[in-house]
Amino acid sequence: MQERIQKLISAAGLMSRRAAETLITDGRVKINGHTATIGEKADPATDTILVDGKLLPESGDKVYIMLNKPKGYVTSMKDEKGRKDVSLLVQELGVRVYPVGRLDMNSEGLLLMTNDGDFANRLTHPSHEVTKTYYTWVLGKNIPQAVERLGLPMELDGYTLRPAQVETVKLLPGGALLSISIHEGRNRQVRKMCQAVGLKVTRLKRVAEGGLELGDLAPGKWRALSGEELDKLR
């Protein structure tokens, strides 16, 4: 059965559909000897599909895991600068998975990973507005006022953010531990929001996403998602 080439690459567990589109645009995918284009269709049963010169693997069982990403790891399966990436933490899986969304190198906590491209696309598409909650350690003065401002609509990089849900978990010397829940998940959003209200983030940890909680999963460890958890995300 013919499917769009970016969907086939995603279904094979190599990468997300968006990443596959970039690969195709860069001319790194071929179908029966010719360079593929975005939207072109193929049938893995009858067509020869090469990605970077290698045959497209057959799509196997779908894998869904939660990783507690430690600070200092790049949310990527390979880093051009030679930095540590999250692929090093899931090697024993024996199956290639890729991150659903991102956590910057200096952030930690809950990171979903899968080889199911459709599932990843559903979770990362803005229309689904998956809620993500972060424990945010900050330094700054007048914490109550800053918390109030964080809970209001805010313009960031030319985009108007929906109001965040913000709670003060604990006051600390010179700052506080805040719980910040957002919907959009734009690049470095929580850090930029805090900066905009005069707070400096010293530590950022994602503790929940789409109804799932990180719980007591140790840093650097992963576990499979249960059927009930997958139902929540879907």
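Label zone (residue 48, point 7 Å along Cα-to-C-beta; backbone nitrogen cut-off 15 Å) within segment 17-36: 29-36.
Per residue, how much accessible surface does segment 1-114 expose to a 1.4 Å probe? Answer in Å², no decimals.
Dividing the accessible area of segment 1-114 by its residue count gives 53 Å².
Label-to-label distance for residue 141 and residue 184 is 2.9 nm, based on points extended 7 Å past Cα in the beta-carbon direction. A viscosity of 0.692 mPa s and a temperature of 37 °C, combined with the Kirkwood radius over C-alpha pairs in the Stokes-Einstein formula, give the chain a diffusion coefficient of 170 µm²/s. Looking at the P(r) of segment 173-215, how many percent of alpha-carbon pairs lie beyond 11 Å? Counting pairs separated by more than 11 Å, the tail of P(r) holds 71 percent. Volume of the convex hull of segment 1-132 (Cα atoms only), normalised per residue: 119 Å³.
Cross-link partners for residue 7 among the aspartates and glutamates, with Cα-Cα distance under 17 Å and sequence neighbours closer than 8 places in the same chain left out: 21, 26, 40, 43, 47, 52, 58, 61, 116, 118.
If you plug the beta carbon distance of residue 81 and residue 203 into 1/(1 + (r/R0)^6) with R0 = 22 Å, you get a FRET efficiency near 0.40. Reported to the nearest whole Å, the Cα centre-to-centre distance from segment 77-128 to segment 175-234 is 14. Legend: residue pairs 54/221; 81/200; 41/78; 71/221, Cα-Cα distance threshold 21 Å; pairs beyond threshold, 54/221; 81/200; 41/78.
The listed peptides 24-36, 136-148, 218-230, ordered by packing as a protection proxy, come out as 136-148, 24-36, 218-230 (highest mean of other Cβ atoms within 10 Å first). Placing R0 at 45 angstrom, the Cβ-Cβ distance between residue 121 and residue 172 gives a FRET efficiency of 0.70 after rounding to 0.05.
Find how much the distance from residue 62 to residue 231 grows on full extension, using 0.36 nm per residue of separation minus their present alpha carbon separation; answer in nm with one decimal.
Fully extending the segment from residue 62 to residue 231 adds 59.4 nm.
So what is the relative contact order of the chain, in percent, for Cα pairs below 8 Å that sit 6 or more residues apart? Once normalised by length, the contact order is 21 percent. Under the convention that each Lys and Arg Cβ holds +1 and each Asp and Glu Cβ holds -1, the size of the dipole of segment 9-166 around its Cα centre is about 440 debye.
Here the label points at residue 7 and residue 224, each 7 Å from Cα along the C-beta direction, are separated by 2.7 nm in the simple model. Selection among 214, 11, 225 by position relative to the dipole of the chain gives 214 as farthest towards the positive end (Cβ unit charges, Cα centre).
The values are calculated or read from the model by the stated rules, or taken from the named source; none is laboratory data. Note that the structure is a prediction, hence the values are computed from the model and not measured. No Cβ is skipped: glycine too gets one built from the backbone with ideal geometry, and neighbour counts run over all protein chains shown. Only protein heavy atoms, including side chains, enter the accessible area calculation; ligands, DNA and RNA are left aside. Shrake-Rupley method; radii C 1.70, N 1.55, O 1.52, S 1.80 Å.
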